[in-house]
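What follows is one structure encoded as structure tokens, with my remarks underneath.
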Amino acid sequence: MPENKSLNITIVGTGYVGLTTGVSLAYLGHKVTCVDTNPAVISKLKEKTPTIYEHGLEELLHDAYDNLKFSTSLKDYVNSSDVIFICVGTPTKDNGDADTSGVEAVAREIGKHLEEKGQSANSQSTADTRGPVVVNKSTVPVGTQERVKAVIERSLKERNTEATFYTASVPEFLREGVAILDTLYPDRIVIGTDYKEAEDTLETLYKPLIDQNFKEPEAVKRPENYPNPAFIKTDPRSAELIKYAANAFLPMKISFINEIANLAEKLGADIDQVAKGIGSDSRISASFLGAGVGWGGSCFGKDTRALLYMAGEYGEELGLIKQARKTNYAQRMLLIEKLREELNILRGKTIAILGLSFKPGTDDLRDSPALDIIDKLLELGAFVKVYDPKAMDNFKEEYPDMEVDYARCEYSVLDDAHALMLITDWPEFKELDFTEANEKMKEKIVIDGRNIYDKEELESKGFVYRGVGR
Ligand code: UDX
């Protein structure tokens, strides 16, 4: 097997995508510079302190440190890079569209400093191309690669400079909490570019992943029976659309199972059995068929909204995706309805909330179902007590106006509660001892938003149990 070749990489933006990409590529043997405009972030990273929590990130940062540099200045690295990754945020505008101004600012900066290879004092790139490949990894509307290319060209023209560069889109599919695992052992690597040179450079870059010929890090082992990733080459627009389509299909799948769950409940069928029955069809597959309170997080809500906006611009309605969103946000309120059916009036009642983050393994609250649920409970006059193993500090900081009581643990949150609502399926919540819970709670009502508890066991202990579709 031919040797892997080490390339010079610059990563712009050190959020979830940028930092995990940078640290993982450095671990694979590339020379990586991570750039961020925030000096506090850069100085922390220089001290080998991760600025986000991700399983295995700290270990990899230590292991790969010799291949890593951190800087606030992109311009110093533009001409020595074989590949420049744009990994900056694309927040949602008021109209739902993705705001790509951060991406364009990076493109302008590249155009401002790019020189023809060999013309610049620090042009030490190692790839056999005439200039860097500018890769967009941020989730952006289709056509953004063309826009990035045009922005760089315009900057070069303003300087009366000619310099070769290539553009590509490499969409990111990592999940929070297991971002390193998803980066080192992906299902697929998608490369969207019009340039053969860019394709070759990116193939060299990803060779260790494509061949899986690197030593697995202790902290993030290669999954058993892991097949090597699919390496998919596409045109730029298709790559950009692949990202949106993936982030629409997955939430659509969850909304689908939630709609079936709601029906199952009325019919007296059991959604766990239904999900198993349909999930064993390889065309459907078993993952993302977990019924419950629905999806949240930084991507699904934002990306489905941006996709609908983009489709609207071209006269396409995307009714399925529209409905998936509607179903999802209604699902949150359905849990409140279940609670009201059991307690009638919520005014003056104390409700214990287990879980604030949008999923376990993260302290991220973005679009978390817990936020809408707590907001509604407070509006209905209930007292709310919350506990989350990781996300309470963020909640206090980001939602200071939500008047809730903070508990020390998953048991103290239950003191004098009239009902327990399980929102996030943290593993420790699955182990909750309901004999102990029984002694603490004023009324024995459990609304299980993730279907993690055993209905019969809880009922045998005197609880009223309400799951989703059970
Ligand atoms: C997602 C995509 O999985 C990832 O590929 C993309 O790059 C970013 O968005 P992430 O937001 O980290 O990743 O979370 P994910 O693990 O996909 O879960 C998203 C939400 O769906 C969570 O709120 C989770 O609780 C919910 N979910 C997931 C379900 O409700 N049921 C399921 O069966 C699976």
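Might you check whether a residue that is within 15 Å of the ligand (Cβ to nearest atom), at positive phi and in a loop (DSSP other than H, G, I, E, B) occurs anywhere in region 299-309? No, that holds for no residue.
Selection of region 161-189 for residues being part of a strand (DSSP E or B) and either away from the ligand (no atom under 16 Å from the Cβ) or buried (at least 23 other Cβ atoms within 10 Å of the Cβ) (or both) yields TYR166, THR167, ALA168, SER169. Residue check: is ALA324 open to solvent by less than 30 Å² (accessible area, probe 1.4 Å), assigned by TED's automatic domain parsing to the domain that holds LEU356 and within 13 Å of the ligand (Cβ to nearest atom)? Taking the combined requirement at face value, the residue satisfies it.
Look at region 9-26: where a residue is in contact (Cβ under 8 Å) with a residue 24 or more places away in the chain and a partner is open to solvent by 10 Å² or more (accessible area, probe 1.4 Å) and among the basic types (Lys, Arg), sitting 6+ places away or on another chain with Cβ atoms under 8 Å, you get ILE9/LYS31; VAL17/LYS137; GLY18/LYS137; THR21/LYS137. Cβ-Cβ distances below 7 Å connect the following pairs, each with a first residue in region 131-143 that is over 15 Å from ILE242 (Cα atoms) and not assigned by TED's automatic domain parsing to the domain that holds LYS302, a second residue that is open to solvent by 10 Å² or more (accessible area, probe 1.4 Å) and of a type in the set (D, E, K, R), and a separation of six or more residues or different chains: GLY131/LYS117.
Residues in region 451-467: is at least one of a type in the set (Lys, Arg) and touching a Leu at 6+ places or on another chain (Cβ under 9 Å)? Yes, that holds for at least one residue. Would you call LEU343 farther than 21 Å from SER368 by Cβ and not assigned by TED's automatic domain parsing to the domain that holds PHE383? The answer is no for LEU343. Taking the criterion of being touching a residue at least 60 places away in the same chain (Cβ under 8 Å), assigned to a helix (DSSP H, G or I) and open to solvent by 10 Å² or more (accessible area, probe 1.4 Å), the residues of region 202-218 that qualify are THR204, LYS207, ASP211.
Scanning region 266-301 for residues that are open to solvent by 60 Å² or more (accessible area, probe 1.4 Å) and either more than 26 Å from the chain's Cα centre (by Cα) or not aromatic (Phe, Trp, Tyr) (or both) yields a total of 12.
Selection of region 236-261 for residues being open to solvent by 50 Å² or more (accessible area, probe 1.4 Å) and acidic (Asp, Glu) yields only GLU259. All conditions but one from (1) touching a Leu at 6+ places or on another chain (Cβ under 8 Å); (2) charged (D, E, K, R); (3) under 23 Å from ASP76 (Cβ atoms) apply to ARG130; the one that does not is (1).
For LYS233, are the conditions met, namely being away from the ligand (no atom under 15 Å from the Cβ), part of a helix (DSSP H, G or I), open to solvent by 40 Å² or more (accessible area, probe 1.4 Å) and on the phi < 0 side of the Ramachandran plot? Steps first, please.
On the way: away from the ligand (no atom under 15 Å from the Cβ): yes; part of a helix (DSSP H, G or I): no; open to solvent by 40 Å² or more (accessible area, probe 1.4 Å): yes; on the phi < 0 side of the Ramachandran plot: yes.
So LYS233 fails the test.
Considering region 340-355, the residues that are at positive phi and modelled with pLDDT of 95 or more include one that is nearest to the ligand (Cβ to nearest atom), namely GLY355.
The values are calculated or read from the model by the stated rules, or taken from the named source; none is laboratory data. From a predicted model like this one, the values you see are computed outputs, not experimental measurements. Positions of Cβ are generated from backbone atoms using ideal geometry, with glycine treated the same way; all protein chains shown enter the neighbour counts. Please note that ligands, DNA and RNA were not included when accessible areas were found on the heavy atoms of the full protein model with its side chains. Shrake-Rupley method; radii C 1.70, N 1.55, O 1.52, S 1.80 Å.
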